[in-house]
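Comments concern the structure below.
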Amino acid sequence: MYRDQTKVIHIGDKVIGGGHPVLIQSMTNTKTEDILGTVEQIHGLEKAGCDIIRVAVPNMEAAKAIKSIKEQISIPLVADIHFDYKLAIAAIENGADKIRINPGNIGTIEKVKAVVEKAKEYDIPIRVGVNSGSLEKELVKKYHGVTAEGIVESALDKVRIIEELGYDQLVISIKSSDVLMCAKAHELIAGKTLYPLHVGITESGTILSGNIKSSVGLGIILYQGIGDTIRVSLTGDPVEEVKSAKLILKTLGLRKGGIEVVSCPTCGRTQIPLIDLANQVEDMVKDIPLDIKVAVMGCAVNGPGEAKEADIGIAGGINEGLIIKKGKVIAKVPSDQLLHALRDELLHWNE
């Protein structure tokens, strides 16, 4: 797979590339200079399973806040820089574990060189980011519009600038809100560079539409063995990004751990309050440290079979349900006691 061959890059105490596990990133939506609020949000993201966090650095106050933020969190921090090279330098000096820049909007080559030299001094990687929405006019003209080919050429041009300045601790991100364009761009760039790729569908939308677009796009890309770290971009609470990213990776077999809940879509045969029950089960298992599959099934047609395929499950009957563990029926329980009975079995799983 492509990701097995990519260059190994260290981001704080985390590692991407070279076949290491695909790591989950998110970005705070607080004002970075609001240290208390930013730290509080990062703690919530850490708890949800975020591996690396990015913060916006639009001003010097935000750059200087990184030092205090870093002292209070336990995951690597990436500083997101646009336009002002001095902010990149200040962010590095205040402890950023990686910086994200687009050399095209930093300014002159001398300014880019100053940033690269500072990153080299502190031995931190640079993420070179190119979005379809900011593609250079000459590339739009060359390719008769915004295209995957243009995005790739733009990104590799930026990489070449930094390589020529003597630095190769790089991560590349090429993003678009067009799912198929984004997928094609990653397929193209995978054959042209061995730097690790940060993958995401940018401006994907709200919780519903954003999750669908991100799942489809990331699914296509990751399944081909492309991508070393991901962010699901959603208009909403960043914690939702992390939850979605974990599910995408687990669905593709790229991450293990935690309880997987499967449930049926319900139909006229259902005799128990399955929708509420499935949501309650999903919420209940979040903090139970088991790597198993739990099935929540609504009727006697498919329920017993599906529950037997899971490690443990519920198969609904008429106002009651079977608890099926490791392929065997272990209890018949009234529907209002199913959640409690399932929880009890999970809490005593290894006894």
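The values are calculated or read from the model by the stated rules, or taken from the named source; none is laboratory data. Just so it is clear, the model here is predicted, and its values are computed rather than measured. Cβ sites come from the backbone with ideal geometry, for glycine too, and all protein chains shown count toward neighbours. What goes into the accessible areas is simple: the full protein's heavy atoms, side chains included, and nothing from ligands, DNA or RNA. Shrake-Rupley method; radii C 1.70, N 1.55, O 1.52, S 1.80 Å.
Annotations
- Distant-in-sequence amide H partners of Ile312 (H built 1.01 Å from N, under 5 Å): Lys293, Ala295, Lys326
- Estimated purely from DSSP H runs of n ≥ 4, each contributing -39500 (n - 2.57), the mean residue ellipticity at 222 nm for the chain is -13000 deg cm²/dmol once divided by its residues.
- On a per residue basis, the chain carries 46 Å² of accessible surface, using protein heavy atoms and a 1.4 Å probe.
- Cα-based reach from Lys328 at 20 Å (exclusive), listing aspartates and glutamates while leaving out same-chain residues under 8 positions away: Glu260, Asp291, Glu306, Glu309, Asp311, Glu320, Asp344, Glu345, Glu351
- Straight-distance crosslink candidates among lysines, where the alpha carbon sits under 19 Å from Lys113 and sequence neighbours closer than 8 are dropped: Lys86, Lys98, Lys158
- The distance from the alpha carbon centre of the stretch 177-231 to that of the stretch 35-61 is 23 Å, rounded to a whole number.
- Heavy-atom SASA rank of Ile318, Ile16 (probe 1.4 Å, accessible area, largest first): Ile318, Ile16
- The H on the amide N of Ser263, modeled in the peptide plane, is under 5 Å from the matching H of Val296, each at least 5 residues off or on a different chain.
- C-alpha center-to-center spacing [the stretch 311-351, the stretch 62-120] in angstrom: 52 Å
- Legend: residues Ile259, Ile53, Ile275, sorted from most to least accessible area (1.4 Å probe; ligands, DNA and RNA excluded), read Ile275, Ile259, Ile53.
- Cα-based helix-to-principal-axis angle, 148-164 vs the chain, degrees rounded to 10: 60 degrees
- Long pairs among Lys137/Lys256; Lys118/Lys286; Lys7/Lys47; Lys142/Lys243, criterion Cα-Cα beyond 32 Å: Lys137/Lys256; Lys118/Lys286; Lys142/Lys243
- Using a probe of 1.4 Å on the protein chains alone, the accessible area found for Val296 is around 0 Å².
- For the chain, the longest site-free run once trypsin sites (Lys or Arg not before Pro) in DSSP loop states with at most 15 other Cβ atoms within 10 Å are removed: 1-191
- Residue-by-residue Karplus 3J(HN,Hα) for the stretch 193-203, coefficients 6.51, -1.76, 1.60, Hz, glycine and proline x: 8, 10, 6, x, 10, 8, 10, x, 9, 6, 6
- Evaluating 6.51 cos²θ - 1.76 cosθ + 1.60 at θ = phi - 60° for every residue in the stretch 59-65, the Karplus couplings come out as 8, 5, 4, 5, 4, 6, 5 Hz, glycine and proline recorded as x.
- DSSP beta bridge pairing in the chain, given as percent antiparallel to the nearest 5: 30 percent
- Surface listing: Ser263, Ser176 arranged by accessible area from highest to lowest gives Ser263, Ser176, probe 1.4 Å.
- Extension gain for Asn59-Ile288 works out to 78.3 nm (0.36 nm per residue, less the C-alpha to C-alpha distance).
- Taken one residue at a time, the phi angles of the stretch 10-24 give Karplus couplings (6.51, -1.76, 1.60, θ = phi - 60°) of 9, 10, x, 9, 9, 9, 10, x, x, x, 5, x, 5, 9, 9 Hz. Gly and Pro are set to x.
- Cleavage-rule hits (chymotrypsin sites (Phe, Trp or Tyr not before Pro)) in the stretch 28-133: DSSP loop, at most 15 neighbouring Cβ within 10 angstrom: Phe83
- Pairwise FRET efficiency - Ile73 versus Gln280, Cβ, R0 = 41 Å, nearest 0.05: 0.85
- Only protein atoms count toward the accessible area here, which uses a 1.4 Å probe; on the chain, the carbon and sulfur part of that area reaches 52 percent.
- Pairs from the list Lys250/Lys308; Lys111/Lys213; Lys246/Lys326 with a Cα-Cα gap above 32 Å: Lys111/Lys213.
- Cross-link partners of Lys184 among aspartates and glutamates (Cα-Cα below 12 Å; sequence separation of 8 or more within a chain): Glu149
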